[in-house]
Each structure stands twice: as structure tokens, then as C-alpha cells.
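This report refers to the structure that appears directly beneath it.
The values are calculated or read from the model by the stated rules, or taken from the named source; none is laboratory data. Remember, it's a predicted structure, so these values are computed and weren't measured experimentally. Please note: Cβ atoms are built from the backbone with ideal geometry, for glycine as well, and neighbour counts cover all protein chains shown.
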Amino acid sequence: LMQLSVPLNFIGFVYREIRQGLTDIEQMFELLEVEAEVNDRPDAKPLALNATGTQKGAIAFKDVRFSYDPERPILKGISFEVPAGKTVAIVGPSGAGKSTISRLLYRFYDIQDGSITIDGQDVRDVTQRSLRAAIGMVPQDTVLFNDTVAYNIRYGRPNAGDAEVQKAAEIAQIDTFIKQLPDGYETRVGERGLKLSGGEKQRVAIARTILKAPPILILDEATSALDTTTEHEIQSALDKVSENRTTLVIAHRLSTVIGADEIIVLRAGEIAERGTHAGLLAEGGLYASMWNRQREATQAEEHLRQVRESD
Ligand code: ATP
């Protein structure tokens, strides 16, 4: 019985958190997946964001070392900054540790050495609730609730009115699609409703984040290949949502990082190169070779598609 009561209590806890209407979807997953990895310090204070004009939330990683298990270091001393309102993209080969960086900023795990600060405050010294309220995460794979489209978007800010929900959907470039659905915004989606494509789900997540309007954004781009049109639509939605926000992009495709203020190339847990798109291409190193390879792959895919369509 003891064994059973713990998870039941835990589910009860999650349920109460959701009922309070304060919990973010990210927090819910965090609770379910990595329960008790990290705890608030007894003296934890809410994160205080300094405004530099209208922009807030400067991020700094200083010599960050992290491993999921002691024998296998994942990040081996990473330092970079995202100035308030700017965009930094992390790129690099699969398994380099890109998504791990986003998980650490969100404090899913604590680091073993170094520091991660937001406006000078160590993420370990502030309450998790305030930290997560300041960060909007557009994850790789969005899980939708078995409820209406409107509900799924409004989750970003439960007291938002219909007009605000629709405005967010417009900015996320999903409004036209929603209006074509059988019941418009009242159409039920999710596992037991209408199934949306990966790109559509991601745009619902973007609309949700636009409503939440967090000062800091983490965009963990989907690994799955999207067709070029969808990719352009999502890119322009993401550009809008990241405007004037401190943004960390975890990029699995390079086409999305061209406009970033700084690109960090991660390889096996270390920063191999850093700079702007043009600067890195000129350097002719790892980034340049990744770029050329990806461009060739995209051209080959487009060519195949055209051949198939003309058949
Ligand atoms: P990709 O582009 O393929 O998504 P990535 O650069 O985002 O890769 P991470 O997801 O940060 O890579 O993972 C870095 C390394 O850490 C990988 O080798 C992965 O196997 C390992 N790893 C990730 N999550 C865990 C975990 N929860 N426990 C143990 N190891 C993990």
C-alpha cells in the first residue's frame, strides 16, 4: 500500500497544481517526468527581472559543467551570454548537449559546477515557480490537451479573452487554419479529438506562448523534417514571438539561425566555434561544413519532391 500511495499522492499534487490554474504545461511535464530532481532553497526568493528599456532577462552561463550520470560529462565548461532582448542560437551535431542547455536554464536539473544566472540571480537561488513563469518554452513536441483549440491556446494565460486568443493565433499564423475546422476555435483536438500535424501543434504552442508573453523564450526546434512551406510559416511566427525577448534557440536545422545575434556551435559538450552566420561561414570550419551539407540535403529533398509532383 505504501508503494501505491506515493504515486497517488503525487498525482493528487499534480492535479491540485493544475486546478490552481497557475501551473504551466511545462511545469506539469516537469513534475511528472523529473520529480524531485531539484528543490527550492528554504530562502528562495522570486526572480526579479531588471528592465533595460522594455527588455528583460539577460542570461549568463559561466563555466557550466553538467552530466546526467557521473561517468559521462555532457557539458564541459560552457560560457555564453544572451543579452536582454537578443537571440542566441545553439547548433551542433546530434548529442552535443544542445537540449541539455535549455533544460538547465529551466532548472530541470542542477549543474555540478559553474553558474547559470538571469539578471544576475543564480537559478538555484530563486523559486522554481517564478523562474518558470519568466520563461516560455516552445518544446520540440507539443502535447495538446483533449479539449478545444481555444482552451489549448488560452492555457498560456487563462484569463485571456476570445479576442486575445484569436490575436495570438493570428500572430502564430494558425488562425486561418483554425477557422476552417468544423467547429472553429471550439473544435476538440488532442488524442481523442482532431489530430493536428507536428507543424500545426507547434503553432498552437507558439500562440500559447504569445499569450503568456514571457520575457525569456526557449525555442527547442523540432528535429522532425517539416516541408519548406511549413518551415517558413513557423519561422515567421517564431520571429514575431522572439522580437524584443531574450531568446535561446536550440536549433536542429540551420535555416532558422541565420538572423541570430550570436550562434554557438557545440561539439561534444564544448563550444567549438561562435559568431554570426556570415562570420562563421567565412571561417570555413564546422559550422560552414554543417551549413553546406544541410543545404545540399535540402536541395536534394526539394528536387525529389518536384520529380514526384511532376509524375
Ligand atoms: P539532438 O540534436 O540529437 O537533439 P542534443 O545536442 O540536443 O541532440 P542532448 O539532448 O542535450 O543533445 O543530449 C546530450 C547527451 O546527453 C546525449 O548523449 C544524450 O544521450 C544524453 N542525455 C540526454 N538526456 C539524458 C538523460 N535524461 N539521462 C542521461 N543521459 C541523457
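In table form, for the structure just shown:
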{"read-out": "Total residues in segment 88-100, condition among the aliphatic types (A, V, I, L, M) and either away from the ligand (no atom under 13 Å from the Cβ) or modelled with pLDDT under 90 (or both)", "value": "1"}
{"read-out": "All positions within segment 237-258 that are within 16 Å of the ligand (Cβ to nearest atom), buried (at least 23 other Cβ atoms within 10 Å of the Cβ) and part of a helix (DSSP H, G or I)", "value": "none"}
{"read-out": "Test: residue in segment 251-264 that is on the phi > 0 side of the Ramachandran plot and at pLDDT 85 or above", "value": "no"}
{"read-out": "Segment 62-87 - residue that is away from the ligand (no atom under 13 Å from the Cβ) and crowded, with 21+ Cβ neighbours inside 10 Å and, of those, nearest to Y109 (Cα to Cα)", "value": "V82"}
{"read-out": "Odd one out for L281, checked against (1) in a helix (DSSP H, G or I); (2) of a type in the set (A, V, I, L, M, F, W, C); (3) buried (at least 18 other Cβ atoms within 10 Å of the Cβ)", "value": "(3)"}
